[in-house]
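Reviewing the structure listed below.
The values are calculated or read from the model by the stated rules, or taken from the named source; none is laboratory data. Fair warning: this is a prediction, and the values are worked out from it, not measured in the lab. Please note: Cβ atoms are built from the backbone with ideal geometry, for glycine as well, and neighbour counts cover all protein chains shown.
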Amino acid sequence: MFGQKRIPSREGGVEIVVEELCTRMVAQGHNVTCYNRGGHHVSGSEYDSKRLKEYKGIKLKTVPTIEKKGLAAVSSSFFAALCCAFGKYDVVHIHAEGPAFFAWLPKMFGKKVIVTIHGLDWQREKWKSGFGSKFIHQGEKNAVKYADEIIVLSKGVQDYFEKTYGRKTVFIPNGVSNHIDREPQIIKNKFGLDKDKYILFLGRLVPEKGIKYLIEAFKQVDTDKKLVIAGGS
């Protein structure tokens, strides 16, 4: 696997998906290697954890990473793809459109290549112009051209690939692990929120999440519930 920042980590949804997928594959008897980025945690070096060589049965390898904006994902994905191309692997699973730019490398060396599209990243606000958007968009096209299978997380993206490229994809939405019920007193004590008395948005605070539409819609709803927006930018 490559394309994630690193595991174990909760730096983003991709990292959680990769960890959950890999631990389950290990439990089924598969040998799994994850290629992690070098560099620091996205929230700052104070959140860095010790580099591990193994985690829950998953082999971990850290690849060289140019820690500059726009180059971290490109550089780490290139070196990870190179390692996968020469490694003794049956299947290379690439996560996200940008890293999929290098799907041709392991494919050229006879590997089966799977790409999971976690979103149409080239359309995101921060990549809407310049080299980043073009690179990621080309990653999407390379996934279509070189991947043996493409996994998508939503029906909308599945329709997009069918309409744009005539490419069949496999729809596998993200799941959730069984949760443990706990009395959320910290929510009541710290924020004054009562059970069933609020509507929660939880996610990254970025334009493409459409939070402004949620706020506009909420203003028009006749309710005594509170709107709670939680997340990092």
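Data for the structure
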read-out	value
Total residues in region 148-171, condition surrounded by 13 or more Cβ atoms within 10 Å (Cβ to Cβ), basic (Lys, Arg) and not in a loop (DSSP other than H, G, I, E, B)	0
Unique residue being at pLDDT below 95 and over 18 Å from the mean Cα position of the chain (by Cα) when the list is Glu97, Glu67	Glu67
Looking only at region 207-222, and only at residues there that are β-branched (Val, Ile, Thr) and in contact (Cβ under 8 Å) with a residue 12 or more places away in the chain, the one that is farthest from Gly192 (Cα to Cα)	Ile211
Residues (of a type in the set (A, V, I, L, M, F, W, C), surrounded by 11 or more Cβ atoms within 10 Å (Cβ to Cβ) and not in a loop (DSSP other than H, G, I, E, B)) located in region 201-216	Phe201, Ile211, Leu214, Ile215
Options Val74, Val42, Val92; residue that is assigned to a helix (DSSP H, G or I) and on the phi < 0 side of the Ramachandran plot	Val74
Residue identified as over 22 Å from Ile151 (Cα atoms) and among the β-branched types (Val, Ile, Thr) among Val42, Val92	Val42
Tally, over region 172-187, of residues that are assigned to a loop (DSSP other than H, G, I, E, B) and modelled with pLDDT of 85 or more	4
Which listed residue, of Cys84, Cys34, is crowded, with 19+ Cβ neighbours inside 10 Å, touching a Pro at 6+ places or on another chain (Cβ under 8 Å) and closer than 10 Å to Met1 by Cα	Cys84
Top-ranked residue in region 106-121 [being within 17 Å of Phe79 (Cα to Cα) and more than 21 Å from the chain's Cα centre (by Cα); ranked as surrounded by the most Cβ atoms within 10 Å (Cβ to Cβ)]	Lys111
Some residue of region 105-117 being at pLDDT below 95, among the polar types (S, T, N, Q) and assigned by TED's automatic domain parsing to the domain that holds Cys34	no
Among residues of region 37-60, those that are at pLDDT 90 or above and surrounded by fewer than 15 Cβ atoms within 10 Å (Cβ to Cβ), counted	4
Which listed residue, of Arg6, Arg10, is outside any strand (DSSP E or B), under 27 Å from Lys209 (Cα atoms) and touching a strand residue (DSSP E or B) at 6+ places or on another chain (Cβ under 6 Å)	Arg6
Flag for Ser75 being among the hydroxyl-bearing types (Ser, Thr, Tyr) and free of Cβ contacts under 8 Å to residues at least 24 places away in the same chain	yes
